[in-house]
1. Scan the stretch 41-86 residue by residue and report those that are under 25 Å from residue 134 (Cβ atoms) and in contact (Cβ under 8 Å) with a residue 40 or more places away in the chain.
2. Of the residues in the stretch 90-106, how many are under 19 Å from residue 187 (Cβ atoms) and without any contact (Cβ under 8 Å) to a residue 60 or more places away in the chain?
3. With respect to residue 192, determine if the residue is open to solvent by less than 70 Å² (accessible area, probe 1.4 Å), touching a Pro at 6+ places or on another chain (Cβ under 8 Å) and either over 30 Å from residue 263 (Cα atoms) or part of a helix (DSSP H, G or I) (or both).
4. Being basic (Lys, Arg) and either outside any helix (DSSP H, G or I) or closer than 26 Å to residue 280 by Cα (or both) is true for just one of 172, 176. Which residue is that?
5. Return only the number of the condition from (1) within 24 Å of residue 532 (Cβ to Cβ); (2) within 25 Å of the chain's Cα centre (by Cα); (3) among the aromatic types (Phe, Trp, Tyr) that residue 331 does not satisfy.
6. Looking only at residues that are among the charged types (D, E, K, R) and under 30 Å from residue 159 (Cα atoms) in the stretch 202-255, which one is modelled with the highest pLDDT?
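The values are calculated or read from the model by the stated rules, or taken from the named source; none is laboratory data. This structure is a prediction, so every number in the text was calculated from the model and none was measured. Cβ atoms come from the backbone with ideal geometry, glycine included; neighbour counts cover every protein chain shown. The protein model used for the area step is the full one, side chains on, heavy atoms only, and it has no ligands, DNA or RNA in it. Shrake-Rupley method; radii C 1.70, N 1.55, O 1.52, S 1.80 Å.
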Amino acid sequence: MRAGDRLVAGTVRRGGPWPAVLAGTAVVGAAGELAVPYLIGRTVDALVARQPSGTHWLALCAGAVAAVMLCESLGVWARGASGAHAAATLRSGVLRHVLGTGSAATRRFPEGELVTRAGLNAEEVGRAPETVTSALALLVPTAGALVALTLIAPVLTLTLGAAIVVILLVLRAFLRTTTTLAGGYQQVQGEIAARLVEALGGARTIAAAGTADRESRRVLAPLPGLRTHGMALWRANASAAVRAGLVVPLLEVAVLAVGGFMLAAGDLTIGELYAAARYAVLGASLSTALGHISGLARARAAAGRVAEVLDLPPVRYGTRTLPPGPGTVEFRDVAANGLTVGDLTLPGGSVTAVVGRSGAGKSLLAALAGRLAEPGHGTVLLDGVPLAELAEEELRRAIGYAFERPVLVGETIGDAISPVAPRRAEAAEAACADGFVRRLPLGYATPLGDAPMSGGERQRIGLARAFAQGERLLVLDDATSSLDTVTERQVGQALTTDRLGRTRLIAAHRLATAARADQVVWLDGGTVRACGPHHELWQDPGYRAVFQESDGVQDGADGVQEEPREAQSAEEVQAAEGAAP
C-alpha cells in the first residue's frame, strides 16, 4: 500500500488547479458554517432584548448562509472537474507506460486486467483529490468549533474533544478495513474482465462450438466472490456509520445538559447555549466523513493495483546511432526464456528462415532480433552496435517488423503503412496490397474504420508497414499465414529480391520459404539444432519432419486453434526437392 499511497499523494499534487479550488471553497464554506451559529445566537439575543441591532445581525446571518450555499455549489462543480482531470492524467500516464514496457506488460497481466487497471481503477484513483480535500476540509469546522466552545465555556471543549477522539478511532479502523475489502472487490472485477476479453477473442469459435452458455458461466464464475466483497463493504460501512452516528446525539445531549446548568446559574445566555449546541454538532462533523473515507479507501486500493503496472520497468534505450553497414545481425551467447541461441550471425543483405515445430521459439528469436524481447543473457548487435545502446528512433527506423495479426495504427490506410506518403505505394506494391487499396473509395486516404479487411488484407498492410519502415532489417513473424498461396509466393519473391538489400529474418512455416532462403536456422527443443542452407539440412530426416508431420497447432485469426498447414503445394515440394542434391 505504500506505493499506492504515494500514487494517491502524487495524484493530488498533480491535480491541476482543481484541488486548490476545492480547498478554497471548503475553507470558506467551513468558515461560513462556523459563523452561522454565532450570528444566529447574536440575532436571538438581540431580538429577545428588543435591540435595534437585531435587523443588522439577521442580515449578516442571511449573508453567511448565502456564502455557504455558493461554496457548496462551487465545490460540487470543482469535485467533478478535479476527478475528470486527475483520472485523465493518470490514465494517459498508465497507457504510455504500458506501451513503453512492450510485451512485458501483457506477460505480467492478462489484457482484461490491464484494461481494468488503466480504466476503472485509474478513474477511482482520480477521485483522490476530491476525497482527500473534502475529508481534510472537515477539520476546519472541527478546529473552529473547539476554539469557539473554548471561548464560550471551556468545560464544553472537553466534552467535544472526547467525542472527536472516538470518531477518529472509528474512521481509522474503517479506512483500514475498507481499503482491504475494496482491494479484493477490484481484484475480482479484474479477473472477470480478463475472462471476458479472453472469451471475446474467441467469440467465433464459441459460437461455432455452441458453448456460449458454458463460456458465460466460466466468465461469471467469480461473481460470488464479488458479492462477498460487496456485502462485506456494505456491512463495514453500516457498522462504522452506526458507531460514528451515535456519538453526535450523545454529544449534543451532553453539551445541552452542561450548558443548561450553566444557563440556570447565569453563566450562559440563551443565544450562547444555542451557539454551543450548534458548535458541538459542527465539531462532530467528522462523523460525516465516512463517505469521503470510503472513497479514499477505494482510491488507495485502486492506486495499489495501478502502481503494480507502473512498477513494470520500461524499455530503456541508448543514444547511439548506427554506422554505415549492410544490416548484419549478430547473436553473441544469447539465451532468453528457455531459448538458447548461442552465437549466430545473419549476414547483411541475406534471407534467413527460422523453422521448427510449434513452441520451438521461432517468435522469440524474431522478437530478440527486433528488440521486442530482451535476452536474459548475451547481446544482440546490428552492424556492430548492441541493440540496447541504440536510440529508440534509430532502432525503429532500422528495423521493420510484421506480425501474424498486425494492429493497424493511424487515421487512414496510408497512415497505417507509413507517415511518409512517398513510401506508401512502393511498400504496398511489395506486399501485394496496392491493388486492393486503390480499389477502396478513397484509396490510401480511406479511413481505417471505413475499410473492412480480411485477415490476409490486414497482413498485407502490416507487411507494407514493415517494408516502409525497416531500412536495414525486416523481421517477419509468421506474417504471411493468412495469405493465399499465390499472394504468399509473390510476397516471398519480393522478400528474396529486395532491391534495397536489407537483411531479412522470416519465421517460416512453408517449405518454399525455407527453400528460397540463403540460410535456415532450425530450432528444436529450445536450441539451435542446426544452421545452414536448406538443401543441406534437407538431408536430415528430422528436418524434413518439421514440414511433413502434424506436430501441433497454430493460432488462427481470432485465437481459434487450427491444424498446422502441413500440406505443401506441389510447387513448394518441387522447390524443396529441387534444392536438395
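1. Result: 71, 72, 74, 75, 78, 79, 81, 82, 83, 84, 85, 86.
2. Residues flagged as under 19 Å from residue 187 (Cβ atoms) and without any contact (Cβ under 8 Å) to a residue 60 or more places away in the chain within the stretch 90-106 amount to 1.
3. In short, yes.
4. Exactly one residue qualifies, and that residue is 172.
5. Here residue 331 clears every test but (2).
6. 235
Residue-by-condition table, conditions (1) surrounded by fewer than 19 Cβ atoms within 10 Å (Cβ to Cβ); (2) touching a residue at least 24 places away in the same chain (Cβ under 8 Å); (3) among the small types (Gly, Ala, Ser); (4) closer than 22 Å to residue 525 by Cα:
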position: 335; (1), (2), (3), (4): yes, yes, yes, yes
position: 361; (1), (2), (3), (4): no, yes, yes, yes
position: 387; (1), (2), (3), (4): no, no, no, no
position: 393; (1), (2), (3), (4): yes, no, no, no
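A quick yes/no check of all residues on (1) farther than 30 Å from residue 307 by Cβ; (2) within 42 Å of the chain's Cα centre (by Cα); (3) at pLDDT below 80:
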{"residue": "16", "(1), (2), (3)": "no, yes, yes"}
{"residue": "24", "(1), (2), (3)": "no, yes, no"}
{"residue": "27", "(1), (2), (3)": "yes, yes, yes"}
{"residue": "36", "(1), (2), (3)": "yes, no, no"}
{"residue": "45", "(1), (2), (3)": "yes, no, yes"}
{"residue": "50", "(1), (2), (3)": "yes, no, yes"}
{"residue": "59", "(1), (2), (3)": "yes, no, no"}
{"residue": "63", "(1), (2), (3)": "yes, no, no"}
{"residue": "69", "(1), (2), (3)": "yes, yes, no"}
